[in-house]
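> My questions all concern the structure below.
The values are calculated or read from the model by the stated rules, or taken from the named source; none is laboratory data. No experiment lies behind these values; they were computed from the predicted model shown. For neighbour counting, all protein chains shown are included, and Cβ atoms are generated from backbone atoms with ideal geometry for every residue, glycine included. The protein model used for the area step is the full one, side chains on, heavy atoms only, and it has no ligands, DNA or RNA in it. Shrake-Rupley method; radii C 1.70, N 1.55, O 1.52, S 1.80 Å.
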Amino acid sequence: MKTPHDVKELMTWSWEDFAPAYQELEKAPLSAANVEGWLDGWTAAAKLVDEYYSRAYVATSVNTVDAAAKKTFEGFMENIYPQAKQAEQRLKQKLLASGLQVKGFELQLRNMRSEAELYREANLPLEVEEEKLNTAHDEIMGAQTVQMDGETKTQRQLEGMFWNPDRAVRERAWSLMSQRQLQDRAAINAHWQQYMELRLQIAKNADKPDYRAYRWQLNQRFDYTPEDAKRFQDSIEKAVVPFTMRLAEKRRQRLGLNSLRYFDIYVDYRGGEALKPFATTEELESRMVNAFTHVDPDFGKNLQEMRAAGLLDTGNRPNKAAGAYCTTFAWTGKPFIFGNAVGINDDVRTLLHEGGHAMHDTETLKLRW
């Protein structure tokens with residue numbers, strides 16, 4: 001199978017570079033004697049496609065106005081993704097039709113059977129449009145900045161002020177943030193409508209009664225049903241919501257307010273200063289390495305290696321997608337963590353959360369299939 005020399009070369013590939021590996025697998029005879037090797041070949045090919053997608057996606061989220069990154073991502077979605085999905089479907093059907101069983105591959109086979117049943121070629125262009133819509137939404141959100149006290153502030157930096165004990169500061173930050181968000185109201189609403197139309201059509205094409213049913217199967221939720229989730233939701237409404245309301249009332253009284261606003265729910269109602277667990281992202285990452293090392297030395301080593309390899313992008317800045325995530329570079333065999341830290345305690349919890357995914361990914365990337 002053809003392999004690139006490095007990631008830089010991989011990112012220049014077209015479908016014609018990926019295709020031969022899939023064509024060879026599709027043509028190869030399949031038997032109990034060679035099925036494990038056949039799966040090895042499939043895994044190797046899929047890792048290359050997966051890494052290309054992840055690299056291209058990350059590039060659009062770390063800089064939402066990078067025209068070259070957008071072009072690369074959309075080129076992948078338009079010219080490689082549909083071809084790869086079709087090739088993957090043919091291999092799934094080939095394996096499932098063979099009836100072969102592989103020890104240790106039971107869960108993967110179950111998932112594969114579900115994926116093959118859900119696949120519809122008519123959905124491929126809709127999935128491409130959905131991905132493009134995601135990047136367009138990220139670009140809008142990443143561009144939302146305001147001027148405050150002579151400085152440019154991102155939405156996330158304004159959110160960080162909700163821990164400030166001065167209510168006037170909190171309210172001003174919330175007001176500026178809300179006003180800026182409302183400037184994009186029409187565009188965001190249009191995106192929501194587009195999402196709804198795309199997803200309803202995707203579900204319909206897959207012969208599902210609604211998008212939830214489609215998504216439930218797509219996410220491979222085999223262990224609980226929508227009815228189970230509804231019962232859980234009802235339990236939260238009965239047991240958790242009243243408790244939360246009592247806490248909110250206690251907060252209102254301690255703050256001496258007539259009513260709580262959104263910008264009042266994070267501040268320390270005892271009057272203390274906001275926690276400042278770190279001053280820079282370098283400090284955050286270094287302390288996080290120490291925390292993970294304390295849990296398990298291998299965890300700390302993994303995170304430090306990620307940091308040294310440039311696989312952490314934890315700081316907040318303009319023109320960066322909102323939120324946080326952990327993804328994997330399957331061919332390289334490493335996870336990547338994306339975040340938007342602004343110096344608050346919430347950032348520590350977020351990186352602990354994403355770091356947990358990274359530790360899990362580090363181990364699962366070592367699995368054979």
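> Run Thr225 past the list (1) surrounded by 12 or more Cβ atoms within 10 Å (Cβ to Cβ); (2) over 22 Å from the mean Cα position of the chain (by Cα) and report the number of the one that doesn't hold.
(1)
> Determine which single condition Met77 fails, assuming it passes every other condition in (1) under 24 Å from Ala21 (Cα atoms); (2) open to solvent by 40 Å² or more (accessible area, probe 1.4 Å); (3) not β-branched (Val, Ile, Thr).
Just one mismatch for Met77, condition (2).
> Then there's this: Which pairs turn up if I take residues in the stretch 74-92 that are in contact (Cβ under 8 Å) with a residue 40 or more places away in the chain and look for partners that are of a type in the set (D, E, K, R) and open to solvent by 50 Å² or more (accessible area, probe 1.4 Å) with beta carbon separation below 6 Å, at least 6 apart in sequence or on another chain?
Qualifying pairs under 6 Å: Arg90/Glu26.
> In the stretch 164-192, how many residues are open to solvent by 40 Å² or more (accessible area, probe 1.4 Å), in contact (Cβ under 8 Å) with a residue 40 or more places away in the chain and assigned to a loop (DSSP other than H, G, I, E, B)?
Qualifying residue count for the region: 2.
> Further question on the same structure: Please enumerate the residues belonging to the stretch 244-296 that are part of a loop (DSSP other than H, G, I, E, B), open to solvent by 100 Å² or more (accessible area, probe 1.4 Å) and over 26 Å from Glu354 (Cβ atoms).
Those that are part of a loop (DSSP other than H, G, I, E, B), open to solvent by 100 Å² or more (accessible area, probe 1.4 Å) and over 26 Å from Glu354 (Cβ atoms): Asn258, Arg270, Glu273.
> Look through Glu121, Glu131 and report the one residue that is open to solvent by 50 Å² or more (accessible area, probe 1.4 Å) and either at pLDDT 95 or above or basic (Lys, Arg) (or both). Break it down into steps so the answer makes sense when it comes.
Values: Glu131 fails: open to solvent by 50 Å² or more (accessible area, probe 1.4 Å).
One residue alone meets the criteria, Glu121.
> Could you tell me which of the residues Leu284, Leu275 is in contact (Cβ under 8 Å) with a residue 60 or more places away in the chain, touching a Ser or Thr at 6+ places or on another chain (Cβ under 9 Å) and of a type in the set (A, V, I, L, M)?
Testing whether each residue is in contact (Cβ under 8 Å) with a residue 60 or more places away in the chain, touching a Ser or Thr at 6+ places or on another chain (Cβ under 9 Å) and of a type in the set (A, V, I, L, M) leaves just Leu284.
> Give the number of residues within the stretch 147-163 that are open to solvent by less than 50 Å² (accessible area, probe 1.4 Å) and closer than 14 Å to Ser178 by Cβ.
Adding up the residues that qualify gives 6.
> Can you run down the residue pairs with Cβ atoms below 7 Å, 6 or more apart or on separate chains, where the first is in the stretch 214-230 and under 19 Å from Met112 (Cα atoms) and the partner is among the hydrophobic types (A, V, I, L, M, F, W, C) and in a helix (DSSP H, G or I)?
Note: pairs meeting the criteria are Tyr214/Ile202; Tyr214/Ala203; Gln217/Leu118; Leu218/Leu118.
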